[in-house]
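J.: Got a structure for you, questions after.
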Amino acid sequence: MTPNALLSSVQVGRYTLPNRLVMAPLTRNRAGAGNTPRELNATYYAQRASAGLIITEATQISPQGVGYPATPGIHSAEQVEGWKLVTQAVHDRGGHIFLQLWHVGRISHPDLQPDGALPVAPSAIAPQGEASTYEGQKPFVTPRALETEEIPGIVEQYRQAAKNALEAGFDGVEVHGANGYLLDQFLRDGSNQRTDQYGGSIENRARLLLEVIDAVVAVWGSDRVGLRLSPSGTFNSMSDSNPQALFTYVAKELNQRNLAYLHLIEPREDNGAPEGQDLSSHFFRSIYNGTIIGAGGYDRELAEETIAQGDADLIAFGRWYISNPDLAERFAKNAPLNEYDRSTFYGGDETGYTDYPTLELQSA
Ligand SMILES: Cc1cc2nc3c(=O)[nH]c(=O)nc-3n(C[C@H](O)[C@H](O)[C@H](O)COP(=O)(O)O)c2cc1C
């Protein structure tokens, strides 16, 4: 095994990155009024700029795409200005940052929707569990199935958000196709029971995702667009009768599109993969031709091993990046890591957000 493979440079689409550590997208519910990024968020991201690549927290492409309190958007002029604070601060420290484009679909609530409307989804099937609203947790409602005629409008929301991200100074965008949000809801047959050209066959269920990718690529160029998928994920009531066939089709379609990367959340202990269906990065490596980012439960050792085996090119760290702004330096020096505090993951102020110390601070 090559030691320090994680700390070697790598080409990702248009960019040469100094190391293979990715800061995973992390929702932290600390946007300002109007779901607008602010200085506090710029400080947080700038602290983590030594990651080879930062992927921002999931960011709403439209008011309809909102599913949680205090999550940022990229659909208003104020939000674009707010994000400029972030991109500028990260670039000042030599970092690279992609924006994660998000529409939650049915993982919302009328309390969070324009005019108290029902959330939209491929089919009128409610997820299990509760929505997070400004008044606390409320049971999910049954969403409204999108009309076929409305789908071009969804693609348009992505296109406009991609344009806004360009204006805000990002280095690229990641389409959020994971974790049971709108695009994942269309992909999987547990949530998509449509009978039009966006439901039924695998080709039909993948159609919206691929139309969105093509719209975003038209804005950014394929070498600055990534996609995140969670083929084995069951979060947000996701299920599929044959995920390996579904995601194999998607991977093969992506091969023709030459994206900057494919970002995979992988199965670990609570493996959502059906018997005999391999959905690991190792499997995707055998069918996908481009750069792969692995994510999900990685520590340094497993990350080095996975890169050395050739199953992924970069590794995204989520929780470790919450508590270790200088994760790359810590790995370089074999330094111990700060533990993370789950109680401050979602919402709040600088506590548990911008106050995790760097090594430098700890030794001072
Ligand atoms: C607090 C928190 C917020 C998250 N928010 C997002 C998000 O906005 N978008 C996303 O794709 N994944 C999100 N995830 C999943 C992470 O990106 C990552 O896949 C997950 O934490 C597993 O990686 P880890 O074991 O390194 O933490 C979130 C995870 C956590 C813990």
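The values are calculated or read from the model by the stated rules, or taken from the named source; none is laboratory data. Quick caveat, the model's predicted, so the values are computed rather than measured. Glycine gets a Cβ as well: all are built from the backbone with ideal geometry, and neighbour counts include every protein chain shown.
J.: Quickly run through region 83-140 and pick out the residues that are in a loop (DSSP other than H, G, I, E, B), touching an Asp or Glu at 6+ places or on another chain (Cβ under 7 Å) and over 24 Å from residue 41 (Cα atoms).
T.: Of everything in region 83-140, just one residue is in a loop (DSSP other than H, G, I, E, B), touching an Asp or Glu at 6+ places or on another chain (Cβ under 7 Å) and over 24 Å from residue 41 (Cα atoms), namely 140.
J.: Among the residues of region 53-68, what is the count of those that are within 13 Å of the ligand (Cβ to nearest atom) and assigned to a helix (DSSP H, G or I)?
T.: 1
To keep it simple, each residue is scored yes or no on (1) within 16 Å of the ligand (Cβ to nearest atom); (2) surrounded by fewer than 19 Cβ atoms within 10 Å (Cβ to Cβ).
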position	(1), (2)
234	yes, yes
254	no, no
284	yes, no
313	no, no
316	yes, no
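J.: Another question, then. Just to be sure I understand, how many residues within region 26-52 are within 14 Å of the ligand (Cβ to nearest atom) and either free of Cβ contacts under 8 Å to residues at least 24 places away in the same chain or among the β-branched types (Val, Ile, Thr) (or both)?
T.: Looking only at that region, the number is 1.
J.: Something else: Going by what's in this entry, would residue 270 be described as within 15 Å of residue 248 (Cα to Cα), at pLDDT below 95 and either in a loop (DSSP other than H, G, I, E, B) or touching a Leu at 6+ places or on another chain (Cβ under 9 Å) (or both)?
T.: no
J.: Sticking with this one: Looking only at region 256-272, which residues are away from the ligand (no atom under 16 Å from the Cβ) and more than 20 Å from the chain's Cα centre (by Cα)?
T.: Across region 256-272, the qualifying residue is only 256.
J.: Taking the condition in contact (Cβ under 8 Å) with a residue 24 or more places away in the chain and farther than 30 Å from residue 169 by Cα, does residue 117 pass?
T.: yes
J.: Also: Exactly one of these conditions fails for residue 55: (1) under 16 Å from residue 356 (Cβ atoms); (2) buried (at least 20 other Cβ atoms within 10 Å of the Cβ). Give me its number.
T.: (1)
J.: Related question: Which residue, of 289, 334, is at negative phi, among the polar types (S, T, N, Q) and either part of a loop (DSSP other than H, G, I, E, B) or at pLDDT 95 or above (or both)?
T.: None of the other options fit; the residue is 289.
J.: A follow-up question, please. Answer yes or no: is there a residue in region 193-206 that is in contact with a helix residue (DSSP H, G or I) (Cβ under 9 Å, 6 or more places away or on another chain), within 16 Å of the ligand (Cβ to nearest atom), closer than 28 Å to residue 130 by Cα and touching a residue at least 40 places away in the same chain (Cβ under 8 Å).
T.: no
J.: Hey, another quick one. What's the number of the condition residue 71 fails, among (1) within 19 Å of residue 296 (Cα to Cα); (2) part of a loop (DSSP other than H, G, I, E, B); (3) among the β-branched types (Val, Ile, Thr)?
T.: (1)
J.: Suppose we keep only residues that are in a helix (DSSP H, G or I) and free of Cβ contacts under 8 Å to residues at least 24 places away in the same chain within region 141-154. Which one would you say is farthest from residue 347 (Cα to Cα)?
T.: Result: 149.
J.: Then there is this: Among the residues of region 318-331, write down those that are in a helix (DSSP H, G or I) and either within 10 Å of the ligand (Cβ to nearest atom) or in contact with a Phe, Trp or Tyr (Cβ under 8 Å, 6 or more places away or on another chain) (or both).
T.: 319, 320, 321, 322, 323, 327
J.: Please work out which residue is surrounded by the fewest Cβ atoms within 10 Å (Cβ to Cβ), limiting yourself to region 199-232 and to residues that are within 16 Å of the chain's Cα centre (by Cα), small (Gly, Ala, Ser) and not in a strand (DSSP E or B).
T.: 232
J.: Let me ask something additional. In the set 361, 302, which member is more than 15 Å from the ligand (Cβ to nearest atom), hydrophobic (A, V, I, L, M, F, W, C) and surrounded by fewer than 18 Cβ atoms within 10 Å (Cβ to Cβ)?
T.: None of the other options fit; the residue is 361.
J.: Also: Restricted to region 16-25, and to residues that are assigned to a loop (DSSP other than H, G, I, E, B) and farther than 19 Å from residue 344 by Cα, which residue is farthest from the ligand (Cβ to nearest atom)?
T.: Only one residue fits best here, namely 18.
J.: Still on this structure, please answer the following. When the residues of region 58-84 are narrowed to those that are over 23 Å from residue 116 (Cα atoms) and touching a Pro at 6+ places or on another chain (Cβ under 6 Å), which ends up surrounded by the fewest Cβ atoms within 10 Å (Cβ to Cβ)?
T.: 82
J.: Taking the condition in contact with a helix residue (DSSP H, G or I) (Cβ under 6 Å, 6 or more places away or on another chain), without any contact (Cβ under 8 Å) to a residue 40 or more places away in the chain and either more than 16 Å from the ligand (Cβ to nearest atom) or of a type outside the set (Gly, Ala, Ser) (or both), does residue 334 pass?
T.: No.
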